[in-house]
Amino acid sequence: MTAVLALLMVACFGTWIPLSQSVRGASQQTRIVYVAIGNMVVASVALAVGGAHLTAGWRALWLPFAGGVAWTVGVYAAFRATELTGLARAAGTWTPLNIVTAFVLGITLFGELARSSPARLTVLGVALVLVVLGVLVIVGSQGAAHEARGSPTQRRAGLLWAIAAGILWGGYFVPAQWAGVSAQAGNFPLALGILSGALVMVAAARSSLRLDAGTGAARRIGALVGSGAIFGIGDVVLLVVVHRLGTGVGFTVAQLSLLVNAAIGIWVLKVPPPGSRAARVALWGVALAGSGGFMIGALR
């Protein structure tokens with residue numbers, strides 16, 4: 001069952017970003033609001049269907065809420081990093097840092113790996129190296145060398161924003177896990193924090209929630225809300241998976257969503273074109289990261 005949940009999580013996290021970014025005529029802040037609305041709908045349904053009850057305490061309510069705000073701030077940091085240094089370079093910084101952050105928090109807060117045998121730790125270490133190498137190969141295939149932009153000062157600032165995104169995204173779900181409540185009960189205040197942070201972001205940027213004039217506005221809004229619903233499903237499943245596998249291992253598996261992103265980019269969006277050198281390099285990265293992911297899964 002855990003393997004099925006992990007596959008669902010990877011599929012959801014790997015598809016919501018391409019779907020949301022395919023919608024034209026919307027600022028990034030506006031996209032996040034509609035994504036947050038879709039996520040909020042899923043969180044509400046999951047709470048109602050699961051029969052969970054919210055507890056109005058700081059640990060059960062406000063900790064996950066703060067985690068949701070951290071996720072939204074992480075999105076802003078990722079946007080700034082991408083703007084200053086390019087997507088490939090920025091993603092190549094924050095994705096491995098996501099994994100490291102999750103493992104550090106898992107070890108320090110939950111005592112994970114404390115009772116692991118030397119053999120298991122060795123296999124886990126090798127698997128992590130394969131995942132990180134695969135991630136770097138994938139993002140490198142997207143043309144990092146051609147995306148370098150701005151002055152050295154701007155690139156340093158972009159690196160700092162990417163580091164911020166890596167830390168925030170690597171731990172945004174930890175408060176909900178630390179609260180010790182069910183995935184449904186923890187995900188609702190998490191989603192509420194995401195939506196609140198998104199609304200503050202739009203207000204600060206003075207962006208409009210209205211999409212550019214043109215036909216198909218309702219369809220575009222539906223696509224954005226739908227992408228948020230897909231993310232919301234993945235987020236609920238993430239809380240279940242990290243409960244079963246541990247913070248570091250569970251979140252590392254979630255990062256395999258980059259494999260789905262790469263596959264969509266090559267065979268659907270044709271970026272890079274199928275059969276090109278960049279596409280072949282990306283597939284090598286998929287193979288490396290995928291083999292590491294399977295090794296991690298086999299440990300359970």
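Points worth noting:
- Expected 222 nm ellipticity per residue - DSSP helices of 4 or more, -39500 (n - 2.57), all of the chain, to 500: -26500 deg cm²/dmol
- Sites listed here are trypsin sites (Lys or Arg not before Pro) in the stretch 1-99 whose DSSP assignment is loop and whose Cβ has at most 13 other Cβ atoms within 10 Å: 24.
- Couplings for the stretch 166-174, taken from phi via the Karplus curve 6.51 cos²θ - 1.76 cosθ + 1.60 with θ = phi - 60°, read x, 6, 5, 6, x, x, 4, 8, 5 Hz in order; Gly and Pro are left as x.
- 1.4 Å probe accessible area per residue over the chain, in Å²: 46
- If R0 is taken as 51 Å, the Cβ-Cβ distance between residue 219 and residue 108 corresponds to a FRET efficiency of 0.65.
- Note on residue 45 and residue 287: their simple-model spin labels are 3.9 nm apart, each label 7 Å out from Cα toward Cβ.
- Inter-probe distance in nm under a simple model that places probes 7 Å from Cα toward Cβ, at residue 155 and residue 59: 4.7
- For the stretch 54-167, relative contact order (Cα pairs under 8 Å, six or more residues apart, normalised by length) works out to 52 percent.
- Cα-based Rg and Dmax for the chain, where Dmax is the largest Cα-Cα distance (Å): 18.7, 61
- Computed over the stretch 155-235, Kirkwood Rh from alpha-carbon pairs, angstrom: 15.3
- Normalising the average separation of contacting C-alpha pairs (under 8 angstrom, six or more residues apart) by the number of residues puts the relative contact order of the chain at 41 percent.
- Placing a pseudo-label 7 Å from each Cα along the Cα-to-Cβ vector at residue 196 and residue 122 gives an inter-label distance of 4.9 nm.
The values are calculated or read from the model by the stated rules, or taken from the named source; none is laboratory data. If you're wondering where the values come from, they're calculated on a predicted model, not measured in any experiment. So basically every Cβ, Gly included, is an ideal-geometry build from the backbone, and we count neighbours across all protein chains shown. Quick note on the areas: whole protein, heavy atoms, side chains included, nothing else; ligands and nucleic acids left out. Shrake-Rupley method; radii C 1.70, N 1.55, O 1.52, S 1.80 Å.
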